[in-house]
Structure formats: C-alpha cells, structure tokens
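**Q** Encoded as structure tokens, here's the structure I'll be asking about.
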Amino acid sequence: MKPLSRRTLLRALGAGAGAAALAGCGVPAAYVAPGERAAADRSGAEKKLVFANWPLYIDVDEKDPQKRPTLQEFEQRTGISVKYTEEINDNDEFFGKISPALMNHQDTGRDIIVVSDWMASRYVRLGWVQKMDRAAQPHVDRHLDPLLRKPSFDAGRLHTVPWQSGITGIAYNRKKLGREIRHTSDLWRDDLRGRVTLLSGMDEAFALLMMGNGADVTRWTADDFHTMTDQLRRLVRRRHIRRFTGNDYIKDLSSGDVLAAQAYSGDIIQLQADNPDIEFVVPEEGAELWAESLMIPDLARHKRNAEALIDHYYRPEVAAELAASVNYVCPVPAARDVLASSGEKETAKLAENPLIFPTDDMRKRLATARDMTARERPAFAKEWNEIVGL
C-alpha cells in the first residue's frame, strides 16, 4: 500500500479563520508596495535557502526517508544547501503563522513557501510575495503546463509557480453502484441518496458543483453561486448528501459507507492501488484543475537561490522523479516522456495514468475557477458555512 496522501493530513478549517478573514478583506494597511518587497539578496555569499512545504509532498529515498533525492541532486549540482521543513498543515493556519511578519515588513525566515492557489491569490493581492525573474528560470518558462499559465490572480504567473497540480472530480465504486457516473447530475439520482459526500471547504468544492450546472467557472457570477447553493439546500433537506467532509471521504469510500464522493485525483490513485473498483471521473460538464504553488515571500534573503531551486523542479527529468513519488497531476507535461522511457515497468506505467498526465480529452474539460474577490468572500462564505454546518 502506498503512503497516505499529503492531503489526508489536512485538518478541518477553522483554526485560521481570523487570519483568513483578514486576508479575505485585503486590509489596506497590510499592503506592501512593489518597491518595498525585496531585501538585499545574500545568495552570492550564502549558498543556502529555507524551503517550507507540506508533509508527504516530495520524493524520499526508499531506504532512508530523511533523504530527498531531487533536493540532493540540486545541492550537488549548485552547491546550495537546502533546509527543508514540513511545517505547512493548513493554508489558513500557516497564513496566521507568517502574516505578522509580512504585515509588519519583516523577514519570515523562509525563502520558498507552498500554498494552495486560492490562498496564494491573497498573498499576491496583499503584495506579500516577490516577482520572480523568469530570465533566471528557463525551464519554468519552457515547460510549465499551458493550462496553468494564466491564473486570474497572477497574470503571467510572475509571482507563483505550481509545485504540483490536481483535479477535483468525482470518485465512485463502479461495482457497488452498478452504473457509470459521467455527469455531476448523476450524483443526485435516487440510488445515491444518503450514499454521496461532498467536500466541506468552499474553495475546494464550489467549482465542480457550478460546472455541473453549466457555469463557466473562469468567469462565474453571483447568480451562478446562488444557483449552486440553492441546489445544495434542496439536497440537504432531502438528506441526499450523507455529509460534507474533509479528507475522511477516503475512509468512507474504502469502507463502502458511501458509493460516490467529490474527491481529489491524488487521493484516488492511492485508493485504486488497493481497490480497482474505485474510479475517478472528470464529468462531461468539466472539473476544476487546481495547483499548489511555490512563492518567494517578501524580504527573503536568498531570492536568486530560491529561483534556481524552483527552476530545478521544472527540468523534465526532475519533475518526472517527483511525479513518480507523489502521484499528483504533474505541471510539467514533458515529464511524461521521461517516465515512459523508464526501464522500470511500474514507473513507465505512470506515464499512461490520466490522473498524473490527463488525456487530451480530459484536458478539454478542465478549467481553473476565477478567484473569489475580497468583497465577495465574506457573504459567500457565510452562506456556504450555513449549508455545510461549519
């Protein structure tokens, strides 16, 4: 059995609610102007950097979990030492941890951080991350997946670079359900009453549900949001939805307590290894392609070193090694050919896994939702949380 996904460690949102509200409001006094974001770069004199990431989100040596081959390769090639910490367990909690420093124009002690794009948009909006020098990142410029190049919150991806990506779609037990699921509306059929779960986090859940109603999530409207929440209220009243979950939907699917669930592609790869009856589908109406991105915080002391490390992970051979380990959607399509040419049969098979390298047909149905604005968020979050019971 593969190790549990990094996402299974995420705890329910709530601890960082105050910080999230601050970010959502985009407090004017906290904004940092472009000319005040950079510190004197010590990269030339100090061949080091600090990289903060989530647990279980990097390749490790099978014989020694403390060794991370792709990081070691970077250190050996460049002479730059990397202090790698697994300190990010929740987007809001981590925001609360480093926001006092950023708000007060102080160094966070980190040169690279990784957060979900919906949260990255807040850092960008507040001016808390630095613009990267793409001339120093030729592999990013050449190999970043076109589907991930133009997020609404960061034109040109100049402040953020995807670390890994994924799809929020539908997972179901084909054998127990006895039919296919091809449309989001298939979740609402009578044979799934009380046997389906949805994600509780608004930012994680809303895009797929809107797309199921025919909305264009790249430019969704308030009407699209309210149509979706009205639908959810009816489903909750009918007790059609068993519950709204965090990552514990994995346990529900595995046990058979639920037959279908809104799910993350990276989790399902692991479930399928133990239960081939579990299928993952991108509905005909579409599903959301999301990313968790690398950023360089304001006043980071080793910006050039950080840019070099980020570019390192966009070398196709390095991206392939990382993808083979973590099994998320790889943001470097060229890594597919690297995996396909592997002499190891199991590794080569990963190149054909559509949950790591989506097929052309799937890619046509993937979209990234526009970011929820600071003005929209409070009212929408209140409405969502009343339905979900948060």
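**Q** Does the range 239-252 include one or more residues that are surrounded by fewer than 23 Cβ atoms within 10 Å (Cβ to Cβ), in contact with a Lys or Arg (Cβ under 6 Å, 6 or more places away or on another chain) and modelled with pLDDT under 95?
**A** yes
**Q** Are any residues in the range 198-244 farther than 22 Å from ASP92 by Cβ and among the hydroxyl-bearing types (Ser, Thr, Tyr), and if so, which ones?
**A** Residues of the range 198-244 farther than 22 Å from ASP92 by Cβ: 210-224, 226-228, 230-242.
Result: THR218, THR221, THR227.
**Q** Quick one: would you say LYS83 is among the basic types (Lys, Arg) and at pLDDT 95 or above? Full working, then the answer.
**A** Values: among the basic types (Lys, Arg): yes; at pLDDT 95 or above: yes.
In short, yes.
**Q** While we're looking at this one, here's another question. May I ask you to list the residues in the range 209-245 that are part of a loop (DSSP other than H, G, I, E, B) and closer than 30 Å to ALA155 by Cα? Explain how you work it out, then say what you get.
**A** To start, the set of residues in the range 209-245 that are part of a loop (DSSP other than H, G, I, E, B) comprises 213-216, 220-221, 238-240.
Hits for the range 209-245 are ASN213, GLY214, ALA215, ASP216, TRP220, THR221.
**Q** Take LYS303 and decide whether it is more than 21 Å from the chain's Cα centre (by Cα), of a type in the set (Lys, Arg) and not assigned by TED's automatic domain parsing to the domain that holds ARG37.
**A** Details: more than 21 Å from the chain's Cα centre (by Cα): yes; of a type in the set (Lys, Arg): yes; not assigned by TED's automatic domain parsing to the domain that holds ARG37: no.
Judged against the criteria, LYS303 is not a match.
**Q** Another one. Where residues in the range 34-81 are in a helix (DSSP H, G or I) and of a type in the set (Ser, Thr, Tyr), which of them is nearest to the chain's Cα centre (by Cα)? Reasoning before the result, please.
**A** Going through the range 34-81, the residues in a helix (DSSP H, G or I) turn out to be 34-36, 69-78.
Then keep just the ones that are of a type in the set (Ser, Thr, Tyr); that gives 70, 78.
On the way: THR70: 20, THR78: 28 Å.
My answer is THR70.
**Q** From LEU148, LEU187, LEU144, LEU158, grab the single residue that is assigned by TED's automatic domain parsing to the domain that holds ILE268 and either in contact with a helix residue (DSSP H, G or I) (Cβ under 8 Å, 6 or more places away or on another chain) or at pLDDT 95 or above (or both).
**A** Numbers: LEU148 fails: assigned by TED's automatic domain parsing to the domain that holds ILE268; LEU144 fails: assigned by TED's automatic domain parsing to the domain that holds ILE268; LEU158 fails: assigned by TED's automatic domain parsing to the domain that holds ILE268.
Every option except LEU187 fails the conditions.
**Q** If the requirement is being assigned to a helix (DSSP H, G or I), within 30 Å of ASP248 (Cβ to Cβ), at pLDDT below 85 and not basic (Lys, Arg), which of these qualifies: GLY18, GLY14?
**A** Testing whether each residue is assigned to a helix (DSSP H, G or I), within 30 Å of ASP248 (Cβ to Cβ), at pLDDT below 85 and not basic (Lys, Arg) leaves just GLY18.
**Q** So in the range 259-282, with the set limited to residues that are of a type outside the set (A, V, I, L, M) and in contact with a Pro (Cβ under 9 Å, 6 or more places away or on another chain), which one is surrounded by the fewest Cβ atoms within 10 Å (Cβ to Cβ)?
**A** If we filter the range 259-282 for residues that are of a type outside the set (A, V, I, L, M), which is where we start, we get 262, 264-267, 270, 272, 274-277, 279-280.
With in contact with a Pro (Cβ under 9 Å, 6 or more places away or on another chain) added as a condition, the list becomes 265, 270, 280.
Working: SER265: 25, GLN270: 18, PHE280: 21.
Ranking the candidates gives GLN270 first.
**Q** Please indicate, with yes or no, whether at least one residue in the range 96-104 is in contact with a Gly (Cβ under 7 Å, 6 or more places away or on another chain) and within 21 Å of LEU322 (Cα to Cα).
**A** No, the range 96-104 contains no residue that is in contact with a Gly (Cβ under 7 Å, 6 or more places away or on another chain) and within 21 Å of LEU322 (Cα to Cα).
**Q** Name the pairs whose Cβ atoms lie under 7 Å apart, with the first residue in the range 346-364 and within 21 Å of ALA263 (Cβ to Cβ), the second in a loop (DSSP other than H, G, I, E, B) and modelled with pLDDT of 95 or more, and 6 or more positions between them or separate chains?
**A** Taking only residues 6 or more apart or on different chains, the pairs are LEU350/ILE356; ILE356/CYS330; PHE357/CYS330; PHE357/PRO333; PHE357/ALA351; MET362/VAL282; MET362/PRO354.
The values are calculated or read from the model by the stated rules, or taken from the named source; none is laboratory data. Computed from a predicted structure; not experimentally measured. When we count neighbours, we look across all protein chains shown, and the Cβ atoms used for this are built from the backbone with ideal geometry, even at glycine.
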